[in-house]
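Below: the structure, in structure tokens.
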Amino acid sequence: MKRFLILQLRPETVASDDEYASILDKCQLTPDQTHRIRVDQENIPSDLDVTDYAGVIVGGGPGCVSDPADQKSAIDARTEGQILALMPQITYRDHPFMGCCYGLGILAHHLGGEVSKAKFGEPVGPSVCRLMPDAEKDPLLEGLASEFEVFVGHKEAVQSPPPGTVHLLSSAPCPVQMIRHGQNVYATQFHPEADASDFERRIRAYRNHGYFPPEDADRLIAVCHAANVTAPGEILRRFAARYG
């Protein structure tokens with residue numbers, strides 16, 4: 001069995017480790033079934049061939065694809081450039097890919113879509129997604145409820161589905177919540193790896209990063225635990241089961 005390549009961008013070790021554990025849990029994978037690269041700490045090998053892996057999963061991160069180059073930190077610029085450099089391989093070969101939150105911005109930008117802070121940013125917490133017509137036959141979404149809750153929190157958003165993509169999930173605050181390119185390249189605006197406990201830890205880790213007023217952390221944690229967020233984890237489980 002080929003391993004899954006897990007690419008992470010979070011420079012905070014606690015948040016990165018927690019995200020990795022969440023991905024393993026939702027995918028039902030063990031560490032030895034993955035190759036984890038913290039792109040904030042090490043370079044992606046220049047000769048990496050994505051077909052050596054069962055699939056590629058890109059986690060979230062504090063950076064924004066749409067930020068001007070002179071406003072990106074050195075780490076954000078380097079990590080963004082390295083992951084973007086893999087996207088031609090992934091889309092040309094239609095290689096299994098799941099971009100989570102930041103990964104949607106990467107995929108959309110690569111495909112020529114508009115990623116910006118103009119509209120559709122969402123505060124940290126639960127949001128309700130609905131299946132689009134093309135989702136009913138998608139193997140990652142088939143049989144799920146027509147509407148379900150997800151966890152979100154992002155400053156930028158994809159303004160409309162990029163050319164050549166299938167629009168799978170939408171929400172009232174943010175129309176582009178999940179897309180597919182080809183048959184195997186997916187990305188979500190929400191966090192499919194996160195349940196309420198995961199998001200509680202993430203809220204605590206990022207309480208001073210501008211996503212919400214720090215004093216709102218406890219209220220947001222309570223809101224997350226009151227939500228019923230299970231379908232996103234099932235989507236990620238299906239991705240790993242389908243391509244593993």
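Coordinate-derived values only; no laboratory data. Since we're looking at a predicted model, the values are computed, not measured. Cβ sites come from the backbone with ideal geometry, for glycine too, and all protein chains shown count toward neighbours.
Things worth noting here:
- Residue in segment 18-35 that is buried (at least 16 other Cβ atoms within 10 Å of the Cβ), charged (D, E, K, R) and more than 19 Å from Tyr211 (Cβ to Cβ) present: yes
- Extreme residue, farthest from the chain's Cα centre (by Cα), among residues of segment 47-80 that are of a type in the set (S, T, N, Q) and not in a loop (DSSP other than H, G, I, E, B): Gln71
Listed here are the residues, each with its yes/no results for (1) touching a residue at least 40 places away in the same chain (Cβ under 8 Å); (2) assigned to a helix (DSSP H, G or I); (3) under 22 Å from His154 (Cβ atoms).
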| position | (1), (2), (3) |
| --- | --- |
| Met1 | yes, no, no |
| Leu5 | yes, no, no |
| Asp18 | yes, yes, yes |
| Ser22 | yes, yes, yes |
| Pro45 | no, no, no |
| Ala85 | yes, yes, no |
| Pro88 | no, yes, no |
| His95 | yes, no, no |
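- Segments classed as strands (runs of 3 or more DSSP E), wholly inside segment 99-173, with at least 3 members that are farther than 23 Å from Leu7 by Cβ and in contact (Cβ under 8 Å) with a residue 60 or more places away in the chain: 122-131
- Test: Asp76 is surrounded by fewer than 14 Cβ atoms within 10 Å (Cβ to Cβ), of a type outside the set (Gly, Ala, Ser) and either under 30 Å from Gly164 (Cβ atoms) or without any contact (Cβ under 8 Å) to a residue 60 or more places away in the chain (or both): no
- One residue from Arg202, Arg219 being among the basic types (Lys, Arg), in a helix (DSSP H, G or I) and crowded, with 21+ Cβ neighbours inside 10 Å: Arg202
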